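Each remark here refers to the structure printed beneath this line.
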Amino acid sequence: MTLSLFDTHTHLNDADLLARTEELLVRAQEAGVLRLVVPGYDRESSLRAMDLASRYESVYAVVGYHPQDARAVKEQDFADLERWINDAKVVGIGEIGLDYHYDDTPREIQADVFRRQIAIAKRVKKPIVIHDRDAHGDIVNILREENAKEIGGIMHCFSGSVEMAIDCLNLNFYISFAGPVTFKNALRPQEVALNIPLDRLLVETDAPYLTPVPHRGKQNEPANVRLVAEKLAQLRGISVNELAQVTYENANRIFGIKG
Ligand code: NI
């Protein structure tokens, strides 16, 4: 039986994958991946995501400015984002958020660019895709203060606790898991994956990064989302078919994609 998988976060716009787009999409389709969302992280990658979405029916784009690029974001970039977001195949704003792992962008600038993008998403009523690295508390505070609940969104490659996941669920967010949930020492994401409602669960690859077991060390690609789905199905004690179907429907719901 064929699966219906939705890779909700995959960087086909990354230079390493861009040259192999056709090949990667065929391999994804063979693995049961029917739809993919390619998120931008700066101007160029957002434009590339939109270009891919315009050329391939199964590909959708999310556009925006990543916290590590926050310092480079100018007024014109916000204006362009407001324009891009009206494209029918642009299904959200992302990846946006906070990154405290590499402390090279001042936190106030990251927060300002994050808040302004949430405001744009609220104006156009599209969901947001959150990048959170070592910034759990501030992410939840900003989502609350900006009333992001109005639009909801996705916690991409979730790495927080069960308590944080519950906060995010209450803010109308979905919880997405990538390769790390397949790692042997991934006790925390596995605990979260077991304790959230199935109708808020999503799968992604974050390719070319975060390659799941047993392909660690190799470049990641959308077809591998199947391995993430298999791991989650095993954890939840359901079939991979059911896990795939439910997460596929969840992804279509949050991104507002019909059918
Ligand atoms: Ni990403």
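Please state the relative contact order of region 110-212 as a whole percent: Cα pairs under 8 Å, 6+ residues apart?
Working: 141 pairs, mean separation 23.7, N = 103.
Relative contact order comes out at 23 percent.
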Under 15 Å from a point placed 7 Å out from the Cα of Glu30 along the Cα-to-Cβ direction: which residues of region 214-231 have their backbone N that close? 221-226
Rounded to whole Hz and in sequence order, give me ³J(HN,Hα) for region 137-150 from the Karplus expression 6.51 cos²θ - 1.76 cosθ + 1.60, θ = phi - 60°, writing x for Gly and Pro. x, 5, 4, 4, 4, 5, 4, 5, 4, 8, 6, 5, 4, 4
For Val129, distant residues with modelled amide H under 5 Å away: Ile93, Gly94, Ile96, Ile154
Mind listing the phi-derived Karplus ³J(HN,Hα) values for region 188-201, rounded to whole Hz, using 6.51, -1.76 and 1.60 with θ = phi - 60°, and x for any glycine or proline? 5, x, 5, 5, 5, 4, 7, 10, 10, x, 4, 7, 10, 8
Through the Karplus equation 6.51 cos²θ - 1.76 cosθ + 1.60, θ set to phi - 60°, convert the phi angles of region 204-216 into ³J(HN,Hα) values in whole Hz; use x for Gly and Pro. 7, 10, 6, 4, x, 9, 6, 4, x, 4, x, 9, 3
Which one, Tyr102, Phe183, Tyr41, projects farthest toward the positive side of the charge dipole computed for the chain from Cβ point charges (K/R +1, D/E -1)? Phe183
Can you report the principal axis dimensions of region 5-255 using only the alpha carbons, biggest first, rounded to whole angstrom? 46, 40, 32
Rank by packing, highest mean first: peptides 18-24, 147-153, 31-37, 105-111, with packing defined as the count of other Cβ atoms within 10 Å averaged across residues. 31-37, 147-153, 105-111, 18-24
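Laboratory data are not the source of any read-out in this text; all were calculated from the coordinates shown. Keep in mind that what you see is a predicted model, and the values were worked out from it rather than measured. Cβ: placed from backbone, ideal geometry, glycine included. Neighbour counts: every protein chain shown.
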